[in-house]
Amino acid sequence: MSFKNKFEAYDWEEVKASIYSKTDDDVRKALLASKRTLEDFKALISPAAANFLEPMAQLSHKLTQKRFGKTMQMYIPLYLSNECTNICTYCGFSLDNKVRRKTLSQDEILREVNVIKSLGYDHVLLVTGEANQTVHTAYFKEVIQLIRPYFSQISMEVQPLETAEYEELIALGLYSVLIYQETYHKEDYKKHHPKGKKSNFNYRLETPDRLGQAGIHKMGLGVLIGLEDWRTDSFFTAAHLQYLERTYWQTRYSLSFPRLRPFSGGLEPKVEMTDRELVQLICAYRIMNEEVEISLSTRESEQFRDHCIRLGVTSISAGSKTNPGGYAVEPGSLEQFEISDERTPAQIAEMIRASGYEPVWKDWDQIFVQ
Ligand code: SF4
């Protein structure tokens with residue numbers, strides 16, 4: 001049994017029609033419910049809920065403060081490699097983008113780590129493309145052992161792995177894994193992933209199950225907004241999250257909402273999502289799920305991120321470079337995508353404090369699993 005069994009019982013067009021048919025009454029009912037269902041979530045992400053943004057924002061703010069207090073977790077990505085054997089239509093690292101590739105050596109990783117530590121970080125997100133011949137489990141094991149003394153929390157966003165491989169990495173200190181489905185639209189997934197291992201939709205869909213079976217402490221889900229109808233994709237993300245929480249109840253969960261960003265030779269979004277719609281989505285997830293962590297990256301603009309601090313977001317990146325060697329070794333190497341908020345971590349921390357929140361550089365829950 002995996003999420004695939006549940007997923008296959010759904011029909012994309014039926015789900016989409018159901019979301020778009022929700023009424024004001026459905027939204028009111030969802031806001032008042034004491035225990036919310038996936039039907040309530042459909043109402044909260046529907047076009048009808050656009051008229052309820054203010055009460056949704058107030059409720060989301062209240063629920064977030066109740067569970068997380070006035071804190072904001074800080075994290076930063078460390079890109080290890082831009083090698084990739086996949087073609088993805090939306091990514092600067094895609095195989096068909098003919099640019100020089102780079103994978104960091106151990107010495108280079110330590111130079112990057114020095115800069116990241118000088119910025120104040122204790123939580124790092126390791127990111128790579130998917131190049132199984134060079135950037136594989138043995139490489140990840142070496143990297144985790146190398147940087148473990150410098151960070152209390154290590155997360156990864158790399159290619160999907162097998163359960164036994166996750167178990168090995170967790171034993172060495174891996175804390176969380178982000179694995180985005182990109183889109184749950186199975187047919188269009190194939191168009192966006194025409195070549196390489198990532199074109200296997202089901203293998204990716206079942207990755208969170210493998211992570212749960214491996215006993216990961218935390219996992220992150222999400223879709224790339226701009227590929228398909230964001231409301232329908234968000235419904236499937238919520239259904240996936242609900243299934244995982246019930247099945248692997250000892251794991252913690254986080255969500256991200258990456259909107260397609262420009263990159264060298266890039267794809268134009270098929271579907272535009274406005275800032276108001278992204279606020280609606282963040283609030284809808286929070287109202288649906290009081291426990292889930294919500295993350296916002298430097299893909300988003302300064303103004304938007306400042307505004308979202310109070311709405312439901314619980315972790316935020318700052319000072320990010322999306323290229324291997326971007327902090328110290330080779331600042332000019334190929335980026336995965338352009339960032340939008342270019343403020344330094346110190347400036348972001350100051351903005352967080354000015355909003356009445358405390359920036360947190362360490363995840364205190366991690367202390368209890370060591
Ligand atoms: S999204 Fe990932 S797998 Fe696809 S091209 Fe980019 S790095 Fe490679």
Could you sort 178-187, 291-300 so that the peptide with the highest average Cβ count within 10 Å comes first and the rest follow in order?
-> 291-300, 178-187
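What share of the DSSP beta bridges in the chain is antiparallel, in percent to the nearest 5?
Details: 2 of 35 bridges.
Given both bridge residues lie in the chain, the antiparallel proportion sits at roughly 5 percent.
So which trypsin sites (Lys or Arg not before Pro) in the stretch 24-69 are both in a DSSP loop and have at most 11 other Cβ atoms within 10 Å of their Cβ?
Lys35
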Using the structure shown, list the pairs from Lys42/Lys190; Lys6/Lys190; Lys102/Lys190 with a Cα-Cα distance above 24 Å, or answer none.
-> Lys42/Lys190; Lys102/Lys190
Report P(r) for the chain: all Cα-Cα distances, bin width 20 Å, range 0 to the bin holding the largest distance, values in whole percent.
-> 30, 62, 8
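Where does the charge balance sit around Glu165 when Lys and Arg score +1, Asp and Glu -1, over other residues with C-beta under 11 Å from its C-beta?
Details: positive: Lys141, Arg210; negative: Glu162, Glu167, Glu168.
It works out to a net charge of -1.
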Calculated FRET value between His307 and Tyr10, using beta carbons and R₀ = 30 Å, to 0.05 | 0.35
Net charge near His307, counting Lys/Arg +1 and Asp/Glu -1 over other residues with Cβ under 14 Å of its Cβ?
-> -4
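Which whole-number value in Å² is the accessible area per residue of the chain, probe 1.4 Å? Mind showing how you got there, number by number?
Numbers: 15170 Å² over 370 residues.
Here the per-residue accessible area is 41 Å².
Write out the GluC sites (Glu not before Pro) in the stretch 208-284 meeting two conditions: DSSP loop, and at most 14 other Cβ atoms within 10 Å of their Cβ.
Details: sites: Glu228, Glu245, Glu272, Glu277; in loops: Glu228, Glu272.
Listed in order of number, the matching sites are Glu272.
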Output the lone cysteines of the chain: those with no second cysteine's C-beta under 4.7 Å from their C-beta.
-> Cys84, Cys283, Cys308
Extension gain, Gln133 back to Gln58 (0.36 nm per residue minus Cα-Cα distance, nm) = 22.1 nm
Which percentage, to the nearest 5, of the DSSP beta bridges contained in the stretch 64-183 is antiparallel?
-> 10
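Based on the alpha-carbon gyration tensor of the stretch 173-228 and its eigenvalue square roots a ≥ b ≥ c, which shape applies: rounded if a/c is under 1.5, prolate if not and a/b is larger than b/c, or oblate? Numbers along the way, then the final one.
Details: a/c = 2.63, a/b = 1.91, b/c = 1.38.
It is prolate, given that a/c is not under 1.5 and a/b is the larger ratio.
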What is the sum of charges around Ala214, taking Lys and Arg as +1, Asp and Glu as -1, for the other residues whose C-beta is under 13 Å from the C-beta of Ala214?
-> -4
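Accessible area of the chain with a 1.4 Å probe: how many percent of it is carbon plus sulfur?
Details: 7620 of 15170 Å².
Within the chain, the accessible surface is 50 percent carbon and sulfur.
Ranking request for peptides 250-259, 132-141, 230-239: highest mean number of other beta-carbon atoms within 10 Å first, then the rest in descending order.
Answer by packing, highest mean first, reads 230-239, 250-259, 132-141.
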Rounded tilt (10° steps) of 163-172 against the dominant C-alpha axis of the chain | 60
Peptides ranked, highest mean first, by Cβ atoms within 10 Å: ranges 144-155, 79-90, 104-115 = 79-90, 144-155, 104-115
Taking only C-alpha pairs under 8 Å that are 6+ residues apart, what is the relative contact order of the chain in percent?
-> 25
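Want the number for Lys66 to Ala17: 0.36 nm per residue separation, take away the alpha-carbon distance, what's left? Walk me through the numbers before you get to the answer.
Numbers: separation 49, 0.36 × 49 = 17.64 nm, distance 3.41 nm.
Taking 0.36 nm per residue and subtracting the Cα distance, the gain is 14.2 nm.
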Would you give the gap between the C-alpha center of the stretch 342-364 and the C-alpha center of the stretch 232-303, rounded to a whole Å?
-> 21
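Working out 0.36 nm times the residue gap between Arg100 and Leu172, then minus their Cα-Cα distance, what length gain in nm do you get to one decimal?
Stretched fully, the Arg100-Leu172 segment lengthens by 22.8 nm.
The values are calculated or read from the model by the stated rules, or taken from the named source; none is laboratory data. Bear in mind the structure is a predicted one, so any value in this text is a computation, not a measurement. Every residue, glycine among them, receives a Cβ derived from its backbone with ideal geometry; neighbour counts consider all protein chains shown. Surface areas here come from the heavy atoms of the whole protein model, side chains and all, with no ligands, DNA or RNA. Shrake-Rupley method; radii C 1.70, N 1.55, O 1.52, S 1.80 Å.
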